[in-house]
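Please read the structure below before turning to the comments.
The values are calculated or read from the model by the stated rules, or taken from the named source; none is laboratory data. Quick caveat, the model's predicted, so the values are computed rather than measured. Using ideal geometry, Cβ is built from the backbone for each residue, glycine included, and neighbour counts are taken over all protein chains shown. For accessibility, only protein heavy atoms count, side chains too; no ligands or nucleic acids. Shrake-Rupley method; radii C 1.70, N 1.55, O 1.52, S 1.80 Å.
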Amino acid sequence: MREPQPKAVHLKDYAPPPFRVETIHLDVDIREDHAITHAKLAIRRNAAGPLVLDGDEVELVSVSVDGKKPRYEATAEKLTVYDVPDAFTLETVSRIVPQKNTKLEGLYATKHGFVTQCEAQGFRRITWFVDRPDVMARYTTTVHADAKRFPILLSNGNLIASGAEAGGRHFARFEDPFPKPSYLFALVAANLEVLREGNLSIYVEPGTLDQAGWSMDCLKRAIKWDEKRFGLKLDLNEYKIVAVGDFNSGAMENKGLNIFNTRYVLARADTATDVDYLNIDRVVAHEYCHNWTGNRVTCRDWFQLSLKEGLTVFRDQEYGADTYSRAVTRIQEVRSLRALQFPEDAGPMKHPVRPQSYLEIRNFYTTTVYEKGAEVVRMQHTLLGEDKFQAGMKLYFERHDGQAVTCDDFVQAMQDASGVDLEQFRRWYDVAGTPVLDCTGDYQDGIFTLTVKQSMNPPFHIPLAVKVGEREQVLSLRKTEERFTFPAKSKPVPSLLRGFSAPVILNYPYSEDDLLHLMARDDDPFNRWEAGQRLAADIILKRDGKPSTAFVEAARNVLRDPDAAFVAEALMLPAETFLAEQMDVVDPDRLHASRNALRRALAEGLKEQLRKTYESSTVPGPYSPDARSIGKRSLRNLCLGYLGELGLSRLADAQFRSADNMTDAMAALATLANLDCPEREPALAAFYEKWRDEPLVVDKWLSVQASSRLPGTIARVKALLSHAAFDLKVPNKVYALIRTFAANHVRFHAADGAGYAFLADQVIALDALNPQVAARMARAFDRWRRFDSGRQEKAKAALERIRDTDKLSKDVAEIVGKALA
Ligand code: BES
Ligand code: ZN
């Protein structure tokens with residue numbers, strides 16, 4: 001049966017908290033099969049009415065106000081205390097069961113102990129509290145646990161006391177000098193090993209210390225970078241990172257005590273790929289950057305999530321651009337934005353960067369809030385320039401340090417510090433959808449006129465970076481239709497939306513020759529890449545994947561470019577999810593066949609050159625994840641993939657056997673996994689035998705099989721569900737196998753509906769354990785209405801089966817409800 005419709009939360013209903021919590025003394029006593037939490041809160045009244053506290057699966061043992069029993073009412077999720085004075089001490093004692101917490105939110109068990117995850121609303125699963133980000137309190141936390149099994153005890157702030165207790169137990173007490181919202185609280189009681197350098201510590205599971213060095217390098221680099229580029233210093237005596245294998249998302253910025261998924265901490269040349277190394281660098285920097293953008297200045301309410309996430313993604317992107325190649329970093333960001341965020345912004349879960357309502361906030365940690373939010377910050381950077389943008393950041397911190405604020409406060413600081421009028425710009429925060437810019441060009445008598453029409457009504461303020469002839473500038477679009485003129489000696493090919501200066505779809509009637517010209521000669525590397533992508537998209541969507549000779553020659557020319565990392569990006573074809581958005585009715589089989597046909601045609605046309613590039617791009621010496629080496633390896637492996645299209649499986653097998661690093665081994669294995677060849681099965685089996693005890697490498701083994709384009713993939717994925725390597729309770733396993741399969745466009749959208757039925761089964765099974773992860777999986781159904789009626793019918797049946805499941809979570813109900821609406 002369906003549950004009654006849960007109530008939506010609306011931004012317009014925001015009101016300041018009626019009570020503030022000034023201090024909290026929290027005592028957490030972890031026992032064999034439960035934990036007791038004792039909370040002592042100093043509370044002050046802000047408005048009339050009873051005190052209402054949040055709770056979730058916390059069993060109330062006792063409650064007192066100034067030492068006396070109050071009149072109160074307790075339901076599963078609210079504790080209402082009546083007749084409280086204007087200032088008082090509230091004490092509660094509660095019982096929780098972290099050992100049985102499969103949601104991995106609040107306090108839960110991981111392989112070697114206990115950790116917390118509180119964002120967004122996990123603190124209420126530890127104790128009764130006013131669990132909202134605009135209530136900022138000073139925390140003193142005491143943890144008790146068995147000394148032998150859980151030697152490491154940690155919480156936010158400074159250690160102020162510790163010692164042994166009766167029965168082989170011990171305790172530690174921490175005081176956090178910074179007032180903070182409850183979502184930044186963290187606690188750890190576990191058996192871990194530590195890598196320490198000065199005031200920086202990285203705690204990892206026993207036996208993995210030799211994989212922690214890279215993340216320590218990243219942390220040190222991020223600290224230096226934030227000081228140099230943003231003038232922001234580390235404000236803590238101690239900065240700790242704890243890595244655990246059981247974690248719903250990537251990492252969490254708890255004040256002074258970040259908790260990470262192992263996949264964003266652990267790396268060794270033979271276990272982690274270049275992409276893993278880069279991701280670790282970015283995630284470590286991201287969480288570090290939150291210390292200022294998120295922690296020192298936090299969000300007033302969860303609708304403002306992009307205030308911290310969009311801004312911090314922008315900051316970690318800039319860290320990446322300053323540390324590696326700016327051009328390649330930008331290309332990768334845009335590829336992922338268009339493959340993931342554009343479809344989201346056109347589907348049933350579309351929402352503004354600042355959403356106006358939600359049923360479950362966990363569902364709004366989206367690519368729109370994160371990546372489009374980062375684009376919205378980037379556009380302000382583009383409109384203001386680096387110096388004025390930095391002046392805006394400075395003013396933002398002067399005004400709001402220690403406060404919980406809104407996206408408006410951020411834009412206001414940018415506007416006031418720069419003198420640039422950003423009133424119209426604010427629409428980017430509140431209106432969903434990807435703007436379309438329809439552009440045309442007209443050349444007459446030495447003047448080129450560019451006409452730009454935008455789809456948004458009322459119009460958005462859009463920075464459009466262009467270069468026409470020799471003139472390069474950022475046009476500030478503010479009207480529905482605008483004209484710009486440029487002197488030119490002959491009809492120019494305009495370079496538009498340089499560096500992807502705004503997250504829009506730009507149409508311009510470029511001819512094939514125009515695009516070939518831009519692909520070869522534009523001095524903006526992003527637009528050189530973009531021209532190639534436009535040509536490739538056209539060939540796939542309109543010419544069944546059959547390229548012109550000119551295109552093959554243009555690709556040959558690209559291969560001669562000395563920037564290996566750029567070449568690898570330029571010869572990578574657009575993603576199927578991105579191309580699907582450009583079809584009226586998505587035909588995944590035709591799309592896949594056309595894309596493969598183009599890959600094969602390029603491989604045939606460029607065979608010799610690919611071979612030569614493959615051979616000349618070896619990286620000498622021991623493995624190193626520097627930009628140059630990474631670029632060379634990605635080009636070499638791109639060549640291997642293309643050569644695989646010609647059936648050169650022996651080349652891939654040779655590389656698989658001789659590789660001395662995981663990047664080359666995985667690239668070879670992925671090539672083999674896509675080919676129906678005799679080397680395939682032995683390679684997969686050997687890989688598992690070698691790595692069965694390294695969970696993160698086993699994840700790669702699962703996903704390389706789930707992403708195979710071969711028709712047997714779904715059967716393989718189903719069989720893997722009962723393999724020892726898989727565990728539905730561990731999010732990393734679910735992401736590796738189930739999410740990877742759901743992202744396998746041609747196999748997930750199989751005409752017989754088997755992919756849909758499979759995913760429905762998994763979402764239903766997962767929902768009973770971990771609704772947050774189940775809801776993320778359910779998002780794969782978002783675009784079901786874009787397919788033919790046969791597929792639609794099957795997807796709809798799968799969605800309805802999920803919807804009609806007994807005791808469905810709010811998380812999944814929201815996603816499925818919107819998909820079916
Ligand atoms: N604050 C988030 C962690 C988080 C995510 C909490 C989802 C609650 C729900 C953290 O700063 C974050 O954004 N992590 C990202 C990685 C980052 C590099 C974009 C993640 O976990 O995916
Ligand atoms: Zn974040």
If you check THR671 against the conditions, is it touching a residue at least 60 places away in the same chain (Cβ under 8 Å), under 28 Å from GLN211 (Cα atoms) and in a helix (DSSP H, G or I)? no
Looking at the stretch 585-601, can you tell me whether even one residue there is at pLDDT 95 or above and closer than 20 Å to GLU333 by Cβ? no
Six or more apart or on different chains, Cβ under 7 Å: which pairs go from a residue in the stretch 370-399 that's farther than 24 Å from GLU472 by Cα and more than 16 Å from ligand 2 (Cβ to nearest atom) to one that's assigned to a helix (DSSP H, G or I) and not small (Gly, Ala, Ser)? Could you list them? GLY392/LEU384; GLY392/MET414; MET393/PHE230; LEU395/ASP416; TYR396/PHE410
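Looking at the stretch 385-473, what strands (runs of 3 or more DSSP E) fall wholly within it and have at least 2 residues that are of a type in the set (D, E, K, R)? Outline the logic, then answer.
Details: elements: 436-444, 447-454, 462-468.
The strands (runs of 3 or more DSSP E) meeting that bar are 436-444.
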Considering only the stretch 148-164, I want to know if a residue exists there that is surrounded by 14 or more Cβ atoms within 10 Å (Cβ to Cβ) and closer than 24 Å to ASP54 by Cα. yes
Of the residues GLU318, GLU360, which is open to solvent by less than 10 Å² (accessible area, probe 1.4 Å), among the acidic types (Asp, Glu) and either within 15 Å of ligand 2 (Cβ to nearest atom) or under 30 Å from GLY817 (Cβ atoms) (or both)? GLU318
Residues of the stretch 787-821 satisfying the condition of being charged (D, E, K, R) and assigned to a loop (DSSP other than H, G, I, E, B): ASP788, ASP804, ASP806, LYS807
Limited to the stretch 647-690, what total is found for residues that are open to solvent by 30 Å² or more (accessible area, probe 1.4 Å) and under 10 Å from VAL704 (Cβ atoms)? 2
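With the requirement that a residue be within 15 Å of VAL130 (Cα to Cα) and under 37 Å from the mean Cα position of the chain (by Cα), what does the stretch 47-59 give you?
Step one: of the stretch 47-59, the residues within 15 Å of VAL130 (Cα to Cα) are 47, 49-56, 58.
Across the stretch 47-59, the qualifying residues are LEU51, VAL52, LEU53, ASP54, GLY55, ASP56, VAL58.
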Tell me which residues, restricted to the stretch 245-261, are more than 13 Å from ligand 1 (Cβ to nearest atom), within 21 Å of THR102 (Cα to Cα) and of a type outside the set (D, E, K, R). GLY245
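Please work out which residue is nearest to ligand 2 (Cβ to nearest atom), limiting yourself to the stretch 167-204 and to residues that are among the acidic types (Asp, Glu) and in contact with a Gly (Cβ under 7 Å, 6 or more places away or on another chain). It would help to see each step written out before you state the result.
From the stretch 167-204, those among the acidic types (Asp, Glu) are 175-176, 193, 197; that's our starting set.
After this cut, where a residue has to be in contact with a Gly (Cβ under 7 Å, 6 or more places away or on another chain) as well, the list is 175-176.
Numbers: GLU175: 25, ASP176: 20 Å.
Residue satisfying both the conditions and the ranking: ASP176.
Filtering the stretch 245-280 down to residues that are assigned to a helix (DSSP H, G or I) and of a type in the set (D, E, K, R), which residue is nearest to ligand 2 (Cβ to nearest atom)? Steps first, answer last, please.
Step one: list which residues in the stretch 245-280 are assigned to a helix (DSSP H, G or I), which gives 262-264, 274-280.
Next, only the ones that are of a type in the set (D, E, K, R) stay: 263, 274, 276.
Details: ARG263: 16, ASP274: 23, ASP276: 19 Å.
Restricting to residues being assigned to a helix (DSSP H, G or I) and of a type in the set (D, E, K, R), the top hit is ARG263.
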With HIS290, HIS286 as the choices, which residue is near ligand 1 (Cβ under 10 Å from one of its atoms), open to solvent by 10 Å² or more (accessible area, probe 1.4 Å), touching an Asp or Glu at 6+ places or on another chain (Cβ under 8 Å) and farther than 12 Å from VAL377 by Cβ? HIS286
So which pairs qualify, if the first residue must be in the stretch 711-737 and under 13 Å from ASP699 (Cα atoms), the second must be among the β-branched types (Val, Ile, Thr), the Cβ gap must be under 6 Å, and the two must be at least 6 apart or on different chains? ALA725/VAL698; PRO731/VAL773; VAL734/VAL773
